[in-house]
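Inspection log for the structure reproduced underneath, given as structure tokens.
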């Protein structure tokens, strides 16, 4: 899923586009805090600044969003010697765009903070001790604003997101670093012909593995995708890459389909959709969203399906399932990933090859 693009001002630059900004590093943390005067936010930024070289070593950068005026952010950045940019959003437009909520009132914030778990409470207690040495600055924006973070790659793909339930419900700088690089969740799966395979073992067969989530074998659009992957599979092998397609199909149906289309790759059979949930591959919910804004790629696909005489087979799983792919290395590190916003929003076979 692509993150929403936005234009922001820093204390020193106007009209910066996020889609341009993220190209500076492999990973970008967009971290929403409150405002510069907030001592808790000051602690967060001091700690992020102290970890500058560690973020850099992981090809990651930080962009902090604050409800502060540019002049206040400029002064604060200088005072704390911050090595990262501040997106100044005094009208909280970016918070609204990214749906970062507010507690709404002093009472509601107190209730949320009172519901902290043990780890969150300990984190806040340690922070309060350090806050005693800091001075609260000017109040700006929403005093009851809750924090959040969004982890993006250089193509604006949203890799992780978290909207905090309370003020202790955010990572420390060390915890941000521990998330990088991103690794795929390991799992055990059945193919059309084998049982109990582990992804971590399977990935070691090639330098790169495309884990591609489609719908089910009866879907004629999915059939065409698999046929196209099969037709250029020698090119994948030449780049020491392999393909593993996940379908919501029964093994018997997957076996028949694999034989019919002479597919050179394995099918992960996930009729219960457990892996779709594990990898957060969403359903569109209805045809309107699944087929939204069709373009030339979808028109050409429909034309080819008809010309090739591909017929819709048995319905299985979720008819409105969205597609996704994850490009993994041998250690299950996620090199690239994409969760489709529509059925059309996926690479063609040759576009997968270009990613290698």
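The values are calculated or read from the model by the stated rules, or taken from the named source; none is laboratory data. Here the structure is a predicted model, which is why all the values come from computation and not from measurement. Methodologically, a virtual Cβ is constructed for each residue, glycine included, from the backbone with ideal geometry; neighbour enumeration extends over all protein chains shown.
Go through 12, 36, 8 for me and flag whichever is part of a loop (DSSP other than H, G, I, E, B), buried (at least 21 other Cβ atoms within 10 Å of the Cβ) and touching a residue at least 24 places away in the same chain (Cβ under 8 Å).
Being part of a loop (DSSP other than H, G, I, E, B), buried (at least 21 other Cβ atoms within 10 Å of the Cβ) and touching a residue at least 24 places away in the same chain (Cβ under 8 Å) holds for just one of 12, 36, 8, which is 36.
Filtered by the rule that a residue be assigned to a loop (DSSP other than H, G, I, E, B), within 17 Å of residue 350 (Cα to Cα) and touching a strand residue (DSSP E or B) at 6+ places or on another chain (Cβ under 8 Å), the stretch 215-242 gives 239, 240. For the stretch 268-311, the tally of residues that are over 19 Å from residue 345 (Cβ atoms) and at pLDDT 95 or above stands at 15. Inspect the stretch 38-45 for any residue being touching a strand residue (DSSP E or B) at 6+ places or on another chain (Cβ under 7 Å) and over 30 Å from residue 183 (Cα atoms) and give the result as yes or no. Looking through the stretch 38-45, none of the residues is touching a strand residue (DSSP E or B) at 6+ places or on another chain (Cβ under 7 Å) and over 30 Å from residue 183 (Cα atoms). All of (1) in contact (Cβ under 8 Å) with a residue 40 or more places away in the chain; (2) surrounded by fewer than 20 Cβ atoms within 10 Å (Cβ to Cβ); (3) over 17 Å from the mean Cα position of the chain (by Cα) hold for residue 217 with one exception: (2).
One line per residue, one yes/no per condition, for (1) farther than 14 Å from residue 137 by Cβ; (2) touching a helix residue (DSSP H, G or I) at 6+ places or on another chain (Cβ under 9 Å); (3) not assigned by TED's automatic domain parsing to the domain that holds residue 125:
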{"site": "34", "(1), (2), (3)": "no, yes, no"}
{"site": "50", "(1), (2), (3)": "yes, yes, no"}
{"site": "54", "(1), (2), (3)": "yes, yes, no"}
{"site": "69", "(1), (2), (3)": "no, no, no"}
{"site": "84", "(1), (2), (3)": "yes, yes, no"}
{"site": "87", "(1), (2), (3)": "yes, yes, no"}
{"site": "93", "(1), (2), (3)": "yes, no, no"}
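Regarding the stretch 130-148, can at least one residue be identified that is under 17 Å from the mean Cα position of the chain (by Cα), on the phi < 0 side of the Ramachandran plot and either crowded, with 19+ Cβ neighbours inside 10 Å or free of Cβ contacts under 8 Å to residues at least 60 places away in the same chain (or both)? Scanning the stretch 130-148 turns up at least one residue that is under 17 Å from the mean Cα position of the chain (by Cα), on the phi < 0 side of the Ramachandran plot and either crowded, with 19+ Cβ neighbours inside 10 Å or free of Cβ contacts under 8 Å to residues at least 60 places away in the same chain (or both). Under the condition of being touching a helix residue (DSSP H, G or I) at 6+ places or on another chain (Cβ under 9 Å) and surrounded by fewer than 16 Cβ atoms within 10 Å (Cβ to Cβ), the residues counted in the stretch 155-164 number 1.
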